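Quick note: the coordinates plus some simple rules give every number you see, no bench work behind them. Here the structure is a predicted model, which is why all the values come from computation and not from measurement. Cβ: placed from backbone, ideal geometry, glycine included. Neighbour counts: every protein chain shown.
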Amino acid sequence: MSLVRWDPFDELATIRDAMNRVFDETFARRGMGGFGFGRAWQPSVDMYETENEVVVRADLPGVGQKDVEVTLTDSALTIKGESKYEKEIEDKNVYRRERAYGTFARTLPITTKVKPDQARASFKNGVLEVVIPKAEEAKGKVYRLDVH
């Protein structure tokens, strides 16, 4: 049997995450009585750093490539877009509606020096991938990326 050191801050983080979910689900709903239409949402992301670049992958299920806008500075990446509501469902007897629709925006801080002008973005199977090369120095310009 091994001993595991108890960290009270781990439990506080779990409680904070649960409270954030409750507030998001309670206060962010609008339209359609909280059935998912118009509900504020943020895409889930993975962000990691390799020796030469910073990589961000965002899950954007149901979002078209043309409905995504990516902007980048030397200190932040912003992903904006819209998941459009499927109108053909309106006249049906809906048993459950959990998918989020509407606009979203997510800004991620970049804590290492990067070359925003050399970044590239791709979109495949509902996953946006942004690859940002690292740099010694980067200037405070904003670059708009074309999503391919």
| Stretched out fully, how many nm does the piece from Asp117 to Ala135 gain, at 0.36 nm a residue minus the Cα gap? | 5.4 nm
| field | Dipole magnitude (debye, nearest 20) for region 44-84, charges at Cβ of Lys, Arg, Asp, Glu | value | 300
| field | Highest to lowest packing among 125-131, 43-49, scored as the average C-beta count within 10 Å | value | 125-131, 43-49
| task | Would you please give the residues with an amide H less than 5 Å from that of Leu77, counting only those at least 5 places away or on a separate chain, with H modeled from the backbone geometry? | result | Leu108, Ile110
